[in-house]
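Report on the structure given below.
The values are calculated or read from the model by the stated rules, or taken from the named source; none is laboratory data. Quick caveat: nothing in here was measured; it's all calculated off a predicted structure. Counting neighbours? That spans all protein chains shown, and the Cβs are built from the backbone with ideal geometry, glycine included. All accessible areas refer to the heavy atoms of the entire protein, side chains included, with ligands and DNA or RNA removed. Shrake-Rupley method; radii C 1.70, N 1.55, O 1.52, S 1.80 Å.
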Amino acid sequence: MKKCLLACFLFAFLVACSSGPESAAQKFTENMAKGKYTEAKKYATESTGQLLDIVSGFGGGEVNPNFKFQLVDKAVDGNMAEVTYRDKNQPEGAEQTLQLVKIDGDWLVNMDMQK
């Protein structure tokens, strides 16, 4: 019985951790770095997805197949979040921040070009 409860607790913990803003940011950035814009759009708002369509229409950006997401900081305020990250392969590299919004229970990257 204890093993069953422990297994259920671990499963719930893993599901909760894998669906946070940092998970969406990681999947988004790693797919972007590899030039997989269609896959990255799964972790983006509709308007951000439209921006990705424009970027991919121009041949995309710089591809970095070795990119590895490293979380630097995360701040959540209700349905809004900011995730700061860097490339794990470049520990001294520049940090970047993504804005995310929670829509229908899913965290999505939201790039606002008007800022």
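A few remarks follow.
- For the range 34-55, filtered to residues that are small (G, A, S) and outside any helix (DSSP H, G or I), the residue that is most open to solvent (accessible area, probe 1.4 Å) is G35.
- Some residue of the range 18-33 being modelled with pLDDT under 95, part of a helix (DSSP H, G or I) and farther than 14 Å from N64 by Cα: yes
- Matching residues, the range 56-111, being among the acidic types (D, E), in a loop (DSSP other than H, G, I, E, B) and exposed (fewer than 11 other Cβ atoms within 10 Å of the Cβ): E62, E92, D104
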